[in-house]
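The values are calculated or read from the model by the stated rules, or taken from the named source; none is laboratory data. These numbers come from a predicted model, not from an experiment. Because the Cβ atoms are built from the backbone with ideal geometry, glycine has one as well, and the counts that use them run over all protein chains shown. Surface accessibility is based on the protein's heavy atoms, side chains included, excluding ligands, DNA and RNA. Shrake-Rupley method; radii C 1.70, N 1.55, O 1.52, S 1.80 Å.
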Amino acid sequence: MDNPNPITNANVSPINHAVMIRFVAFLLIGGLVLSGMSSVFAASTQDMTVKPLRIEKGTPVYSNRTLRIAVDVHRDGASIIQFTYHDRKFIRRDNETLPTLKEDGPTRLLFSIRDAKGRFFQIEKEVPGLCLRHGADEPPHIMGDTIELHRDSVIVELPAIDGAQSIEVRHRHDPKKEPRLLTVEAFDKAKYVPSNSKKFEDLNFALTSKGKLKKAKGKPTPPEAEGAPAPTNGTVTWPTPPDPNYKVWGNVDQVNSRINVVIVPDGYQTTEKAIMETHAQELVNAFRATTPFTEHDTFFNYILVYAYSTNSGTTQCDCNKMENTAMATFFPNTNPACGNDENRCLYYGGGCNPASVDNISAAELRAPAHDVTIVMVNTPRYGGCGGSRAVYSAGNASAKLIGIHELGHSLGGLADEYAYTNTCGTSAGEKNTSLNATQGSWPEWIGDIGAPRQGAQYFQQCVYRPEDNCMMRELGPPFCHVCNQLWALKIFGKLGSTAPITTAVPNPQAPISTTVNTPITLGITTHFPISTANNSVVWSVAGGNTSCVNPAPPSGNNIYAMTFSCAGTYNVMVTATADRAFVKSQKDGANKKTITWQVNVTQ
């Protein structure tokens with residue numbers, strides 16, 4: 001189950017074998033690299049369309065290496081913590097969409113680089129769990145098992161563009177205003193961490209033609225916010241050769257077409273490697289046994305990064321128990337009673353033993369790729385929290401479910417559905433919680449699951465959830481229908497241009513020329529099996545004289561071999577729709593994609 005579904009005979013209706021041989025040869029020559037995106041990149045805040053910096057066989061490949069940067073961010077500035085690169089092509093996931101920007105919504109950050117010719121590349125990231133409305137020294141906002149820090153690190157992947165000299169970081173905080181500049185910082189050799197034997201001087205980005213470091217325009221913002229305490233570091237021990245840096249469940253060769261969940265361990269001593277691996281395996285097994293992760297297993301990589309702590313366990317502020325652990329996680333002392341349930345938000349970045357997040361970022365950079373992080377803490381005490389990263393107690397009996405629930409916050413964008421305050425809530429996420437008592441934010445599901453239930457997002461009154469129970473309300477029950485729909489759309493949206501149609505051949509961005517009665521073959525690969533009732537592939541033809549197309553467009557095939565008995569200009573289209581068991585047609589989005597070829601037929 002580790003590979004996307006290839007074009008195989010099992011998925012193809014009988015067609016002319018000579019045509020099939022020609023088509024397969026064409027696939028091998030073409031490399032099956034086309035993403036099928038109609039646009040390459042539009043800078044979201046500058047209305048600027050920029051051509052890809054490198055084109056390879058129709059795919060927007062911006063560089064042959066991927067630059068990965070850990071950036072420390074707070075209200076008053078940003079700075080590079082470390083950066084590295086990997087020898088894999090950078091392919092932008094162009095159709096990953098973000099919701100409409102709201103002033104009270106999750107933090108939005110813009111990361112951009114320019115090459116020596118002024119060509120511009122920018123990525124916009126939504127960072128839940130990071131609050132930039134207050135200074136870095138302010139205590140975090142904790143509600144239930146969700147948290148917002150005022151200072152955190154963000155991992156961003158960018159193309160390693162020749163001649164790029166600096167990174168620019170901006171905070172997009174108001175849809176009516178220009179993004180606020182946080183920093184312009186040159187790539188500093190001292191912050192470069194090699195991912196292989198190459199030295200910083202061996203790279204082309206950030207250097208002049210003479211091999212000297214370019215000077216960035218603009219003044220970098222100091223990493224410390226005024227008045228913010230200088231954080232300390234936990235002590236981390238990394239594995240040494242021949243011990244591996246990481247372990248992958250999935251397919252490491254498909255990091256560009258999978259969601260890469262990085263598991264960062266905390267509180268494991270070098271003698272507890274087996275315990276660490278057992279906890280990670282249990283977490284992966286739990287994800288793979290839980291809907292909708294079961295049905296989307298080929299969409300995920302789970303990557304454990306090996307990191308060891310001086311002490312075992314985690315700091316417990318409410319119990320005055322201090323531990324020197326690599327990622328410096330801790331239980332807070334919201335309630336002074338040791339072990340009180342109100343202190344269950346297990347997290348990092350503050351508490352009674354403040355520490356930086358540099359080691360977490362360093363662990364993430366050691367992984368071959370990164371989309372989201374779960375910090376796995378070696379403690380039997382019940383706890384966890386969801387913010388920009390998910391954190392959970394790996395030694396607790398409910399640990400696996402806590403990890404899945406917390407990822408619902410950090411990756412799925414889901415709200416808690418439980419209620420403990422006997423008052424009237426005045427706000428809701430309007431995803432799986434709503435202030436609308438009649439339809440919620442899920443009217444398409446009302447006919448199946450009934451009216452919304454009162455009590456959600458910590459309030460017993462005035463805030464509504466979709467169903468009686470759900471993984472976001474209580475550990476144990478499955479995700480509700482609305483949550484599964486949101487998960488499915490998030491999964492496909494996160495993968496962007498690599499799903500649901502993975503490749504299309506020949507290049508749909510270039511018109512096809514042929515003659516009457518000469519066979520042509522079009523084909524796609526999908527990121528899901530097309531032979532199920534929940535997924536579909538539908539072909540259609542428009543333009544020209546459609547009665548001249550032979551055979552008629554098939555249904556359920558990923559290859560269409562055809563001839564045209566009349567001259568004309570035809571549009572041949574294929575629409576792939578996935579996850580109909582999870583996504584109502586009214587909400588179709590990233591789970592549905594159409595590719596169109598223009599075919600010019602002459603006598």
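Using just the Cα positions, wrap segment 326-480 in a convex hull and report its mean projected area in square nanometres, one decimal place. Present the calculation step by step, with values, prior to reporting the outcome.
Details: hull surface 41.8 nm².
Seen from a random direction, the Cα hull of segment 326-480 projects 10.5 nm² on average.
In a shell of Cβ-Cβ distance under 10 Å around VAL193, excluding VAL193 itself, what net charge do Lys and Arg (+1) and Asp and Glu (-1) give?
Numbers: positive: ARG68, LYS191, ARG366; negative: none.
With Lys, Arg at +1 and Asp, Glu at -1, the net is +3.
Output ³J(HN,Hα) for segment 363-370: one whole-Hz value per residue in order, computed from phi by the Karplus curve 6.51 cos²θ - 1.76 cosθ + 1.60 with θ = phi - 60°, and x for Gly and Pro.
Whole-Hz 3J(HN,Hα) from phi for segment 363-370: 5, 4, 6, 6, 6, x, 6, 8.
May I ask for the Kirkwood hydrodynamic radius of segment 522-603, worked out over all distinct Cα pairs and given in angstroms to one decimal? Display every interim value, and only then the final one.
Working: mean 1/r = 0.0731 Å⁻¹.
In segment 522-603 this quantity evaluates to 13.7 Å.
With θ taken as phi - 60° and the coefficients 6.51, -1.76 and 1.60, list the Karplus ³J(HN,Hα) couplings across segment 282-287 in order, rounded to whole Hz; mark glycine and proline as x.
My calculation for segment 282-287 gives 4, 5, 4, 4, 5, 4 Hz in order.
With the cut-off at 23 Å, report for segment 231-359 the share of all Cα pairs above it, as a whole percent.
Working: 3582 of 8256 pairs.
Considering segment 231-359, 43 percent of its Cα-Cα pairs are separated by more than 23 Å.
Go through PRO529, SER585, CYS480 and say which Cα lies farthest out towards the positive end of the charge dipole of segment 461-603; charges sit on Cβ, +1 for Lys and Arg, -1 for Asp and Glu.
Checking the options against the dipole of segment 461-603, the answer is CYS480.
In Å², what does the accessible area per residue of segment 275-385 work out to with a 1.4 Å probe?
Values: 3330 Å² over 111 residues.
Result: 30 Å² of accessible area for each residue.
Name the residues whose placed amide hydrogens come within less than 5 Å of the amide hydrogen of THR421, ignoring near sequence neighbours (fewer than 5 apart) on the same chain.
Sorted by chain and number, the residues that satisfy this are PHE459, GLN460.
Tell me the trypsin sites (Lys or Arg not before Pro) within segment 255-327 that lie in a loop according to DSSP and have at most 15 other beta-carbon atoms within 10 Å.
Details: sites: ARG258, LYS273, ARG288, LYS321; in loops: ARG258.
Of the trypsin sites (Lys or Arg not before Pro), not one in the loops of segment 255-327 has a Cβ with at most 15 other Cβ atoms within 10 Å.
What percent of all Cα-Cα pairs in segment 340-410 falls in each 5 Å bin, counting up from 0?
The calculated distribution, bin by bin, is 3, 17, 24, 26, 20, 8, 1, 0.
For TRP238, tell me the accessible area in Å² from a 1.4 Å probe, rounded to the nearest 10.
Approximately 60 Å² for this residue.
Could you tell me the distance between the Cα centroids of segment 161-201 and segment 532-561, to the nearest Å?
First find each Cα centre; the distance between them is then 46 Å.
Out of all DSSP beta bridges with both ends in segment 345-503, state the antiparallel percent to the nearest 5. It would help to have the intermediate numbers written out before the result.
Details: 7 of 14 bridges.
Among the beta bridges of segment 345-503, antiparallel pairing accounts for roughly 50 percent.
If you average the sequence gap of Cα pairs under 8 Å that are 6 or more apart and divide by the length of segment 486-603, what percent do you get for the contact order?
Contact order relative to length: 35 percent.
Past the 24 Å Cα-Cα mark, which pairs from LYS247/LYS321; LYS273/LYS400; LYS102/LYS431; LYS494/LYS587; LYS89/LYS431; LYS494/LYS593? Walk me through the numbers on the way to the answer.
Numbers: LYS247/LYS321 31 Å; LYS273/LYS400 18 Å; LYS102/LYS431 14 Å; LYS494/LYS587 16 Å; LYS89/LYS431 35 Å; LYS494/LYS593 14 Å.
Going by Cα-Cα distance, LYS247/LYS321; LYS89/LYS431 fall outside the 24 Å limit.
With every protein chain kept in the model, how would you rank LEU283, LEU181 by accessible area, 1.4 Å probe, largest at the top? Walk me through the numbers on the way to the answer.
On the way: LEU283 5, LEU181 95 Å².
The residues order as LEU181, LEU283, largest area first.
May I ask you to give the solvent-accessible area per residue for segment 450-527, in square angstrom, as obtained with a 1.4 angstrom probe? Let's see the in-between values first.
On the way: 2450 Å² over 78 residues.
Ligands and nucleic acids excluded, the result is 31 Å² per residue.
Per-residue HN-Hα couplings for segment 325-330, Karplus 6.51 cos²θ - 1.76 cosθ + 1.60 at θ = phi - 60°, whole Hz, x for Gly and Pro?
Running phi through 6.51 cos²θ - 1.76 cosθ + 1.60 with θ = phi - 60° gives 10, 4, 9, 6, 6, 7 Hz.
Roughly how many percent of the accessible protein surface of segment 469-603 is carbon and sulfur, given a 1.4 Å probe and a whole-percent answer?
On the way: 2460 of 4890 Å².
Percent of accessible area from carbon and sulfur atoms in segment 469-603: 50.
Please report the orientation-averaged projected area of segment 118-163, defined via the convex hull of its C-alpha atoms, in nm².
Working: hull surface 19.5 nm².
Its Cα hull, projected and averaged over all orientations, spans 4.9 nm².
Quick one, what does Rg over Rh come out to for segment 401-534 if you take C-alpha atoms and the Kirkwood Rh? Numbers along the way, then the final one.
Details: Rg = 21.0 Å, Rh = 17.4 Å.
On the Cα set of segment 401-534, Rg over Rh gives 1.20.
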